[in-house]
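**Student:** Have a look at this one.
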Amino acid sequence: MITWLILALLFFKHFLADFCWQSDRMIKDKGHLGRIGGLQHAGLHGVLTYVILMHFLNIQACIIIAVFDSVMHYIFDFMHRRATVKINVESNAFWVWIGIDQFLHAMIYLIIGFTVTFLTADFV
């Protein structure tokens, strides 16, 4: 049961951070290593993941998993931006890359959800 709750919260977090709270600067900077907007965007994901997990795990586990989510998000967004920067938004290739990007994010959330389930399981 906890796995489904974590997954629902992580997907809702993803919607908020990627589609509602992403600034123009974040969008522009994601394809360039070290630019502040891309770092802020990945950091937002990490902070929101921490806020979700703090209800289930200890501080150390929350920090480790939140940093993992943030780093992976940064890498995936960087790769996605670099792969699509010269592709027309109306082309099929652009939307295939959108799908790949979202699939990779979903896989990270599955890893996080099952990790939390494992860490909170009572092995008696």
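Each reported figure results from applying straightforward, stated rules to the coordinates on display, with no laboratory input. These numbers were taken from a predicted model, which means no experiment stands behind them. Glycine gets a Cβ as well: all are built from the backbone with ideal geometry, and neighbour counts include every protein chain shown.
**Student:** Inspect region 13-27 for any residue being farther than 25 Å from VAL85 by Cα and either of a type in the set (Phe, Trp, Tyr) or assigned to a helix (DSSP H, G or I) (or both) and give the result as yes or no. Even if it seems obvious, please write down each step before you answer.
**Tutor:** Step one: filter region 13-27 for residues farther than 25 Å from VAL85 by Cα, giving 13.
This time we only want the ones that are either of a type in the set (Phe, Trp, Tyr) or assigned to a helix (DSSP H, G or I) (or both), so: 13.
Among the residues of region 13-27, at least one is farther than 25 Å from VAL85 by Cα and either of a type in the set (Phe, Trp, Tyr) or assigned to a helix (DSSP H, G or I) (or both), which makes the answer yes.
**Student:** Looking at the structure I just gave you, is MET79 without any contact (Cβ under 8 Å) to a residue 24 or more places away in the chain and among the hydrophobic types (A, V, I, L, M, F, W, C)? Show your work before the answer.
**Tutor:** Numbers: without any contact (Cβ under 8 Å) to a residue 24 or more places away in the chain: yes; among the hydrophobic types (A, V, I, L, M, F, W, C): yes.
So MET79 passes the test.
**Student:** Quick check: anything in region 55-75 surrounded by fewer than 19 Cβ atoms within 10 Å (Cβ to Cβ), closer than 15 Å to LYS13 by Cβ, free of Cβ contacts under 8 Å to residues at least 12 places away in the same chain and not β-branched (Val, Ile, Thr)?
**Tutor:** yes
**Student:** Of a type in the set (Gly, Ala, Ser) and on the phi > 0 side of the Ramachandran plot: is that true of GLY46 in this structure?
**Tutor:** No; evaluated as a whole, the condition is false for this residue.
**Student:** For region 81-102, name all the residues that are under 13 Å from the mean Cα position of the chain (by Cα) and either crowded, with 18+ Cβ neighbours inside 10 Å or among the small types (Gly, Ala, Ser) (or both).
**Tutor:** Correct list: ASP101 only.
**Student:** Based on this model, can you work out whether LEU33 counts as surrounded by 13 or more Cβ atoms within 10 Å (Cβ to Cβ) and farther than 15 Å from PHE11 by Cβ?
**Tutor:** Details: surrounded by 13 or more Cβ atoms within 10 Å (Cβ to Cβ): no; farther than 15 Å from PHE11 by Cβ: yes.
No.
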